[in-house]
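Nothing in this text is a laboratory measurement; each read-out follows from the coordinates by a stated rule. Source: prediction; values computed, not measured. With ideal geometry, Cβ positions are generated from the backbone for all residues, glycine too; neighbour counts draw on all protein chains shown.
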Amino acid sequence: MKVLYYTLTLLLLASCSTARMTDTWTNKEYTNYQPKKVLIVGLTENLTARQIFEEQLKNELADRGIVAVESYTVFKPSFTNLKQTQEAIEQEISRVSKQGFDAILISAVKGVDEKETYSGDRYRTDYYWRRFGRYYYLHQDVYLVEGYYNKYKVYHIEASLYNLKEDSDKSLVWVASYNIVDPKQISTTVTNYVTAIIKSLEQEELIRKK
């Protein structure tokens, strides 16, 4: 029963795919800074996830009085489908700046870790296994139960806010890192991630609260 309980708990936590912030930094030179028109960029090969992310973040920013636009409606397919030179990227930035954008909020996956846990009774804090027989009894399922070990992934994602009105050395306004554990459903995962970003931006007073 305990094995089943802990297994169900692990699955519940994974299905929630909560985005947990692990690190953040804000440029102190941007006191009282709040963007007015933001280009949202979801840097991912998963086009569905990109569209959902950009649309949800756009809606959240709009609810706070900020004009926000999805990059998939601004960038030409040729820009995202092909590797661009730094010069070409700077030209694209100049183009969107002329359209009135004063900031870019970009999100990208920085890495993925493969993790492994097991569904055994590993949460005991007493020392019932001081005797070999007890220890073996508690852990023998590794031989007998298929799926005894559970593999999952942890995605390390970074979100950054850049001021397009400043030169490149001072344009980074805010950056935060998040961990997302074993995402299952795109919509739920993106919703939790967008919520975490909005909460971070509100805490840093880069956007007003709803």
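Brief remarks follow.
- Compared with the direct C-alpha span, the chain from E92 to E202 gains 36.7 nm at full extension, assuming 0.36 nm per residue.
- For the range 14-58, the set of trypsin sites (Lys or Arg not before Pro) satisfying both a DSSP loop assignment and a count of at most 14 other C-beta atoms within 10 Å is given as K28, K36.
- Using a Förster distance of 25 Å, the FRET efficiency for L82-M21 (Cβ separation, nearest 0.05): 0.15
- For the range 14-92 versus the range 169-210, the gap between their alpha-carbon centres in whole angstrom: 10
- Listed peptides 71-79, 181-189 by packing density, highest first (mean Cβ within 10 Å): 181-189, 71-79
- For L43, L82, L161, order by how many other beta-carbon atoms lie within 10 Å, fewest first: L82, L43, L161
- Neighbour net charge for V173 - beta-carbon separation under 12 angstrom, K R +1, D E -1: -2
- Under the combined filter of DSSP loop state and at most 15 neighbouring Cβ atoms within 10 Å, the range 12-75 retains these GluC sites (Glu not before Pro): E29, E45.
- Cut-off 15 Å between beta-carbons: net charge of the residues surrounding A88, Lys and Arg +1, Asp and Glu -1: 0
- Over 20 Å between alpha carbons, listed pairs K58/K153; K37/K209; K83/K165: K58/K153; K83/K165
- The range 59-110: C-alpha gyration tensor shape, a/c 1.5 cut-off, then a/b vs b/c: prolate
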